[in-house]
Amino acid sequence: MEELRKEEDTNIDTIENEEEVINKLLEIIKKEKNISEVSKLINKSEFEILGMLHTLIQNGQNIIVKQYDDGFHLLNKGDQTKDNKEKYTFHTDNSHEFRFVAISDTRLGSKSQQLSILNDIYKKAMEQGIHNVILCGNISAGLKPITDTESNFIDDTQAQIDYIVANYPKFEGIKTYFILGKEDTKHLVINNTNIGKRISEQRDDLIYLGNNICDVTIDKVNMQVISSRLNKTYTISYRPQQTIDAYRSEDKPDILLYGGLLQMEKFTYRGVNCISVPSVVATDKEMKTKRYANTIGAWYVTVETDDKGKFKSINAIDSPYYVSNKEDYKGTTINVQSSNKQPISFDNASIETALKTLKYVKNGMPIETFIAKFNISYKELQGLLHIWEYCGKKIELVQEGSEIVFKRNAQKKYNYSKPNLDDLTCTEILVVSDTHFGNIHNQLHILNDLYQEAYNRGITTVLHVGDMTDGNYPNRPENPRQQFLHGFDEQVGYVVDNYPLIDGMTTYYILGSHDESHYKNGQSTVNKWISETRDDMKYLGQDKGEITINKVKYVLDHPGGGSAQSLSYKPQKRIEIIESHMKPKILLIGHYHKSYHFLYRNIQCIQVPALCGKTQFQQKQGLINSVGGYFLKVWSDKNGNIQYMEPEEVLFEEKDLWDECGKDKSKVKKLVINKGIY
């Protein structure tokens, strides 16, 4: 009887021990682990572990078992009968704000990588108290064809993983959330390796969110992060617009972060706040071959929510880096070992060992001295030279007299450091356009609201980008019916009498095609009467004007011609005809009644929305009509170079507009602020 009890107790102990082992196993592999590592942790053979997993999987446990080049990897995703959908949620702070830096395409392992700029971006984030970075794909350089020996200095999956783990910026308190991009997935396709998981396992501050796309929430704000799998197009805005057009109304996010396109833009389209995130890599061979424009920089983003956690606003400061360094990759040291496509080695030593020998190489040292020190052959020295060059440390052998000596190219350490915000001149202005005074759809009350807000912010400069008045078009029979003011006297008189008047605030303006119609019909000049009767309004030119503020050159441009469906197409064409020595720092474009901001050819360009509702002409032509303005905050250095810019887009909805049957626009109260009294 006692023997039976002992046997029964032993069985119970065995069962309990097995349950402990299984529970421990499931806990360990909640984060992806190599089976050999798991074997050591639970003191079971790999075959036993695979047997346990087979039983668990049959019982409904969602366990992923995948074979990589270094063995089986295990991941416990929980009970299949439960909803295991992973959600990545951020929360706002006490002021209902969530701040993060958006970057893309670091492409570490490429000879075009810009690790110095990447480090500077993180340094600036730290200085501004930002603790979150979202990387929109292509953290690695990916794998190149065997014929391409120029693009990467590391063309090996494991070596790129190790290099990223060792060299990616690490700042205390900052976490980086990243998705994989088109280049990263080449590791998965060619070597069956998900580098996102591998990197995330080894760096707690690098958090893998998914492959190419991820949905995240900020309180109750929906944000989608995408890395484009498609080729870049000439028209910058095309891919993001195409993506937004494909959303069903119920699927539209509040914010779209779009990486992989090597461009910097910000716009609102179909109610989606879209930000295209630039690269942190110099223009490489493939970009040149495909004629891809490449913008380097980062966005410093603030998302604001209301008391219920719903989306309220998004502000973003763009931070472009105009100059890259092709030799930046030489400023870092590889301290890892390659595992698959390892180059020629000597005595099967690792890259790490090979690089250690490099510190003994002095400029002008005879190679015989080095060969004797390490007891290697000349052929092995050739292998070392190959490894050094592979790692970006090119050493040449030159003949000096009767000896062959090492010739080291002096490598300058490249540390790019963008000035701090506090060390720059900050300029704030209001930009408006296309008021079309006299048209039944003009929105004087919204113009008043914008000027009132400008006054509240201490802004003293306003730029108006043309079509102050609605003009006179005899060739358009419907034109008179679309106006409540007719002819030069009524429309210009309305501007003089009703345009906002604020002490200390000056409006600089150009005239557009609608204003010019008065001159074409009766040679009456709008600018003469406005500028001579209003001291606070300064005329800059017909169709185009220039003004320099704190050494930053602004060009105001009011083109002609029709609009395009793609937001960026017309502005791109305008920028491309500007000769390099004539380029402004900021180009403001009116006429199209669209709202759009992007960086192109190192010009900060803004299409300025209108202050007029959709007209009958626009309705017939099926044209977009955005109503609003921009508050610009520009940080420039002593040479007038823009280091940061915050393009704050202020748009108004249909419910905010007065339609043609609404209030009598001829009796709208004029905004006057005199001596600080409203």
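Any read-out appearing in this document is the output of simple, stated calculations on the displayed coordinates, not a laboratory observation. Predicted, not measured: the structure shown is a model, and the values here were computed from it. Glycine gets a Cβ as well: all are built from the backbone with ideal geometry, and neighbour counts include every protein chain shown.
Once backbone amide H atoms are built at 1.01 Å from N, Tyr600 has Cys605 as its partners under 5 Å, excluding neighbours fewer than 5 places away on the same chain. When DSSP beta bridges are restricted to pairs lying wholly in the chain, around 60% turn out antiparallel.
Dimensions of segment 146-222 based on its C-alpha atoms, expressed as ranges along the principal axes with the largest first, amount to 49, 27, 20 Å.
Lysine pairs in segment 186-283 whose alpha-carbon atoms fall under 21 angstrom of each other, counting only those eight or more residues apart or on distinct chains, come to 5. In terms of packing, defined here as the mean over residues of other Cβ atoms within 10 angstrom, the peptides 493-500, 132-139 line up highest first as 132-139, 493-500.
Built from the Cα atoms of the chain, the convex hull projects on average onto 42.0 nm², one quarter of its surface area.
What does the charge count around Asp251 come to, taking other residues whose C-beta lies under 15 Å from its C-beta (Lys +1, Arg +1, Asp -1, Glu -1)? Residues close to Asp251 contribute a combined charge of -1. Ellipsoid semi-axes for segment 531-634, based on the Cα gyration tensor and the rule √(5λ), read 23, 19, 13 Å when sorted largest first. Taking max minus min of the alpha-carbon positions on each principal axis, segment 424-673 gives extents of 50, 39, 38 Å, largest first. About its Cα centre, segment 420-546 has a charge dipole of approximately 420 debye under the convention of +1 per Lys or Arg Cβ and -1 per Asp or Glu Cβ, with nothing else charged. For the chain, a crude dipole built from +1 on the beta carbon of Lys and Arg and -1 on the beta carbon of Asp and Glu, taken about the Cα centre, is about 2240 debye to the nearest 20. May I ask for the distance between the Cα centers of segment 89-162 and segment 257-281, given as a whole number of Å? Cα centroid to Cα centroid, the span is 16 Å. Judged by the mean number of other Cβ atoms found within 10 Å, the most tightly packed of the peptides 431-439, 636-644, 649-657 leads the ranking 431-439, 636-644, 649-657.
Between Thr106, Ile207, Ile195, the Cα set farthest toward the positive side of the dipole of the chain (charges on each charged residue's Cβ, about the Cα centre) is that of Thr106. Couplings 3J(HN,Hα) of segment 128-136, computed from phi: 8, x, 9, 10, 10, 10, 10, 9, 8 Hz, in residue order, whole Hz [Karplus 6.51 cos²θ - 1.76 cosθ + 1.60, θ = phi - 60°; x for Gly and Pro].
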